[in-house]
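This report concerns only the one structure given below.
The values are calculated or read from the model by the stated rules, or taken from the named source; none is laboratory data. Everything numeric here is computed off the predicted structure, so don't read it as measured data. So basically every Cβ, Gly included, is an ideal-geometry build from the backbone, and we count neighbours across all protein chains shown. For accessibility, only protein heavy atoms count, side chains too; no ligands or nucleic acids. Shrake-Rupley method; radii C 1.70, N 1.55, O 1.52, S 1.80 Å.
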Amino acid sequence: KRYPKYKWVRAIGPLTVTTLAIVSTWIFDLQDKEIPIVESIPVGLPSTTFSSWFPLHDFSGLLVTVLSITLVGFMESIAIAKQLASKHKYEVDSSLELMGLGVANIAGAMFHAYPVTGSFSRSAVNNESGAQSGISAMV
């Protein structure tokens, strides 16, 4: 059941939890109690990694892992896309989905990023909160 007058709670909830976590870390001085915290975040993009793009000396050892990650990532992405497409009455082109994942992974490979896939949990949260565009992933 949805309550329209409490819609603002969806947006302010994550912000409130983040603020409380930061304040608690500062008040209880968690770093001195040997609980690791993020002290600073580097500015800018990480350095490129063109030199390690083609580890051909160990290609056979990587092949099974690469194919597994590719298959599982694509299946996860297309499953959530089809589920949301059926719910919102639109069609999904699996070829375009695969191409989009490939381009994103090639771009990510330039900077040692994790493999890109769709996310069941993130998509479900965005869907339930009424997100209309990809900008919601940055908020």
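At 1.4 Å probe size, with every protein chain present, just tell me what the per residue accessible area of region 1-62 comes to in Å².
Ligands and nucleic acids excluded, the figure is 100 Å² per residue.
Given the Cα-Cα distance of residue 132 and residue 43 and 0.36 nm per residue of separation, how much length would full extension add, in nm?
29.1 nm
Can you give the charge dipole size of region 17-135 about its Cα centre, rounded to the nearest 20 debye, using +1 on the beta carbon of Lys and Arg and -1 on the beta carbon of Asp and Glu?
Charge dipole, region 17-135, about its Cα centre: 360 debye, nearest 20.
Before rounding to the nearest 500, sum -39500 (n - 2.57) across all DSSP H runs of length at least 4 in the chain and divide by the residue total; then give [θ] at 222 nm in deg cm²/dmol.
Calculated mean residue ellipticity at 222 nm is -19000 deg cm²/dmol.
For the chain: lysine pairs with Cα atoms under 30 Å, gap of 8 or more or different chains, count?
Final tally of qualifying lysine pairs is 8.
Have a look at 44, 108, 100 and tell me which one the Gaussian network model of the chain (Cα, springs below 10 Å) gives the largest fluctuation.
Of 44, 108, 100, the Gaussian network model singles out 44 as fluctuating most.
Is the chain rounded, prolate or oblate when judged by the Cα gyration tensor, a ≥ b ≥ c being the square roots of its eigenvalues, rounded requiring a/c under 1.5 and prolate requiring a/b larger than b/c?
oblate
Relative contact order for the chain: what is it in percent, counting Cα pairs under 8 Å that are at least 6 residues apart?
With pairs under 8 Å counted, the relative contact order is 25 percent.
In debye to the nearest 20, how big a dipole does region 50-119 give about its Cα centre with +1 on each Lys and Arg Cβ and -1 on each Asp and Glu Cβ?
200
Measure out, as a whole number of angstrom, how far apart the alpha-carbon centroids of region 81-139 and region 1-58 sit.
That distance is 20 Å.
Name the residue from 22, 50, 9 whose Cα lies farthest towards the positive end of the charge dipole of region 1-61, charges +1 on Cβ of Lys and Arg and -1 on Cβ of Asp and Glu.
With unit charges placed on the Cβ atoms, the residue in question is 9.
Considering only protein heavy atoms and a probe of 1.4 Å, how much of the accessible area of the chain is carbon and sulfur, as a whole percent?
68
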